[in-house]
Amino acid sequence: MTVARKNPVPEDYPPHVLSEYALLADGERGAIVGPRGDIVWMCVPRWESDAVFSSLIGGRGAYAVTPVEPFVWGGYYEPSSLIWRSRWVTNSGIIECREALAFPGDPERAVVLRRVVAVDGDAHVRVMLDARAQYGMGRALQRLTRESGVWTARTDGLHVRWSGAGAARVSTRGRGSRLLTMDLTVPAGSSHDLALEIGTQLPSEAVDAATAWVATETNWGSAVPELSDCLDPPDVRHSYAVLRGLTGAGGGMVAAATTSLPERAEEGRNYDYRYVWIRDQCYAGEAMATVGGFDLLDDAVRFVSARLVEHGERLAPAYTSTGADVPDQRSLGLAGYPGGSDLVGNWVNRQFQLDAFGESLLLLAAASRLDRLDTDGWRAAEAAAAAIASRWTEPDAGIWEIDNQPWTHSRLICAAGLRAIASAHPSSADAVEWISLADRIVADTSEHALDPESGSWRRAPGDHRLDAALLLPGLRGAVPADDPRTVATLAAYQRELTRDGFAYRFKQDERPLGQAEGAFQLCGYWMALAASQQGDSLGALGWYERTRAACGPPQLYCEEYDAAQHQLRGNFPQAFVHALMIEASARLAAEQTSD
């Protein structure tokens, strides 16, 4: 091991295209790592906390392990885990860096494990650590000390400890810049461990990297089920691992690991997704019910039930991972990811989203059918049904969180939820009342939001456009699959809002599809399910495969996909896309089996 003569600095790690980033996650937080071995995003101690590595959105702070020589990058996840292997082919050999967050995570302490492996020839890498609290605006590493080869430091209110980097030295660049750097040579056929701990508090003894690796491997091995009754079990297990990595000990699953990554460059659609959306949590739970992913199903039921029992008809659309209120949106004053911005917090905290109650009932009904709904879950179902009865005539922000209107999807998904929970508990004294309310909602919506010519659903009484979300009433049971309204809506949607095998939410303006926004990954899987429901097995497989392929080497899905440029857009990994991938795979496999 030798000290670097030319030390890497944070400015050496500019942004990559999103398809080249991988996710490390432990349930409590996530880290984003790029092809230069650059971890450019991680919040501590939790998802919604300030970032200590924020280069992704223009802040200071990164942690990199990068080959000294020119290289060609690759990488892969170890099966059924979020253990990532960066792989670099250089002019003189092959280097891998095995990386993970110690799993499951400690709510107060992140442990970043990195093992440099000299696969072919000696491995020569440069290592740089620049941990900065408060999205890079906090003080550089303070109180730096090295004892027995272990560095300790502080960055504002966070403790930092770094093992395996005893040869690192303190480097400075510009006012207030203080980081640790070193060159590392690993002999051919051997490996070297680095272990970084950052948290509000640290145990007295440094983490033992070898022990932490064994525990992480073992815990991932028991966290992901076989999921063999699906079209693509390895890919489904990977999506399950992503959802597990995004789900904390409290049961809350964040929508994505990142904030402010642009859905479309310079169009202002940049949001913070590091929170638990009730709708997304329900999508994931419903998907788990189709494949027997009981741990994540139980987590979803637990988190959603607690919020419903506590807040009733005042249920918020989203919460933090610990169930607290989402903070107000604000700007950090950073450059942002190119084409994006630097927003944290989310104005969803001021919205009413009616469909969250319907989705909650669909989730709870799915759990009940599997005999996994306890007393609290039943109380939550009653609260959701009561909220629908009280508020279904009110305008809401809808699934796409825009202006308040009596959105057709919001109302019909509530009808679907009422029918599902009544079917799951037909002996309940409320079942007849719930079915009657569902019928009333569907009848009223049909009277005011049905296109008189095509017979398809409209977005809202005052908005005659189509919308991908209008595929859901037929899929979730608000109306039957063979209902003329279901059939007409699918035909109209496929004709007007799909192009070249990609599906879009709705027409933003007069620009052609794909120019106003990217294809919406969620909608592609809805199309697969809708085609399957109508007996079009070949079409369903086409939609499934086209959507499944819209990712980069780490197989992580964003919210949107730019079909022209073949690029991912928006925050990632988008939990609800991985959830619908799992559901579509399971349902299409079941259809093939039944045939």
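For the chain, a simple Cβ point-charge model (Lys and Arg +1, Asp and Glu -1, everything else neutral) yields a dipole of about 1880 debye relative to the Cα centre. Available extension along the chain between Gln405 and Asp208 is 65.4 nm, counting 0.36 nm per residue and deducting the alpha carbon span.
Convex hull volume of the Cα atoms of the stretch 16-98, normalised per residue: 96 Å³. Kindly identify the stretch 192-270 as rounded, prolate or oblate by the Cα gyration tensor criterion: order the square roots of the eigenvalues as a ≥ b ≥ c, call it rounded if a/c is under 1.5, otherwise compare a/b with b/c, prolate if a/b is larger, else oblate. In terms of gyration-tensor shape, oblate. When you count the other C-beta atoms within 10 angstrom of each residue and take the mean per peptide, 508-517, 534-543, 98-107, 238-247 line up highest first as 238-247, 98-107, 534-543, 508-517.
When the solvent-accessible area of the chain is split by element, carbon and sulfur atoms take up 48 percent of it, the probe being 1.4 Å.
Let me check I've understood the local charge: for Ser260, count other residues with C-beta under 9 angstrom from its C-beta, Lys and Arg +1, Asp and Glu -1. What total comes out?
-2
Among Phe572, Pro107, Gly27, flag the residue with its Cα farthest along the positive direction of the charge dipole of the chain, charges on Cβ as +1 for Lys/Arg and -1 for Asp/Glu. The residue sitting most towards the positive pole is Pro107. Fully extending the segment from Leu538 to Asn349 would add 63.9 nm, taking 0.36 nm per residue of separation and subtracting the current Cα-Cα distance. This model, with +1 at the C-beta of Lys and Arg and -1 at the C-beta of Asp and Glu, gives the stretch 114-200 a dipole about its Cα centre of some 520 debye.
Counting only the Cα atoms, the stretch 171-322 fills a convex hull of 252 Å³ per residue.
A cut-off under 10 angstrom between Cβ atoms defines the neighbours of Arg274, and their net charge, with Lys, Arg +1 and Asp, Glu -1, is 0.
Once you have a ≥ b ≥ c as the square roots of the Cα gyration tensor eigenvalues for the stretch 287-386, tell me rounded if a/c is under 1.5, and otherwise prolate or oblate according to whether a/b is larger than b/c. Verdict is prolate for the stretch 287-386. Take every Cα pair under 8 Å whose residues are at least 6 apart in sequence, average their separation, divide by the length of the chain, and the relative contact order is 13 percent.
State the Kirkwood hydrodynamic radius of the chain in Å, one decimal place, computed from all pairs of distinct Cα atoms. Mind dumping the intermediate values first?
Values: mean 1/r = 0.0405 Å⁻¹.
24.7 Å is the Kirkwood radius here.
Using a cutoff of 8 angstrom between alpha carbon atoms and counting only pairs six or more residues apart, the relative contact order for the stretch 450-548 works out to 23 percent. Just to confirm the number: angle between the C-alpha axis of helix 209-223 and the first principal axis of the chain, 0 to 90 degrees, nearest 10? The two axes meet at around 10 degrees. Sparse packing (at most 10 other Cβ atoms within 10 Å of the Cβ) combined with a DSSP loop state is found for none of the chymotrypsin sites (Phe, Trp or Tyr not before Pro) in the stretch 121-204.
Report the far tail of the P(r) of the stretch 349-486, meaning the percent of Cα-Cα pairs longer than 28 Å. Taking all Cα-Cα pairs of the stretch 349-486, the fraction more than 28 Å apart is 14 percent.
What does the charge add up to near Arg548, with Lys and Arg as +1, Asp and Glu as -1, over the other residues with Cβ less than 15 Å from its Cβ? Summing Lys/Arg as +1 and Asp/Glu as -1 gives -1.
Remark: the stretch 468-560 carries a charge dipole of roughly 60 debye about the Cα centre, counting +1 on each Lys and Arg Cβ and -1 on each Asp and Glu Cβ. Between the Cα long axis of helix 294-311 and the first principal axis of the chain there is an angle of about 70°, rounded to the nearest 10. Paramagnetic label reach from Ala590 (point 7 Å along Cα→Cβ; backbone nitrogen cut-off under 15 Å): within the stretch 447-480, residues 475-477. For the stretch 220-293, the set of GluC sites (Glu not before Pro) satisfying both a DSSP loop assignment and a count of at most 15 other C-beta atoms within 10 Å is given as Glu226, Glu266, Glu267. Available extension along the chain between Glu510 and His464 is 15.1 nm, counting 0.36 nm per residue and deducting the alpha carbon span.
Direction-averaged projected area, Cα convex hull, the stretch 478-595: 7.9 nm², rounded to one decimal. In loop segments of the stretch 153-217 as defined by DSSP, the GluC sites (Glu not before Pro) with at most 15 further C-beta atoms inside 10 Å of their C-beta are Glu205. Angle of helix 278-291 to the longest C-alpha principal axis of the chain, folded into 0 to 90 degrees and rounded to 10: 90°. Which FRET efficiency value, to the nearest 0.05, do you get for Ser331 and Arg499 by plugging their Cβ-Cβ distance into 1/(1 + (r/R0)^6) with R0 = 35 Å? Calculated transfer efficiency: 0.50. Adding -39500 (n - 2.57) for every DSSP H run of four residues or longer, then dividing by how many residues the chain holds, sets the calculated 222 nm ellipticity at -10500 deg cm²/dmol.
Accessible area ranking (1.4 Å probe, heavy atoms, ligands and nucleic acids excluded), largest first, for Arg87, Arg46: Arg87, Arg46. Each residue, Ser390 and Asp122, gets one label point 7 Å from its Cα in the Cβ direction; the gap between the two is 7.1 nm. Per residue, the chain exposes 36 Å² of accessible surface when a 1.4 Å probe is rolled over the protein heavy atoms with every protein chain present. Would you work out which of Leu343, Ser54, Gly539 lies farthest towards the positive end of the dipole of the chain? Charges go on Cβ: Lys and Arg +1, Asp and Glu -1. Towards the positive end, the residue furthest out is Ser54.
The values are calculated or read from the model by the stated rules, or taken from the named source; none is laboratory data. Keep in mind the model is a prediction, meaning the values are calculated, not measured. Using ideal geometry, Cβ is built from the backbone for each residue, glycine included, and neighbour counts are taken over all protein chains shown. In case anyone asks, the SASA skips ligands and DNA or RNA and just uses the protein heavy atoms, side chains included. Shrake-Rupley method; radii C 1.70, N 1.55, O 1.52, S 1.80 Å.
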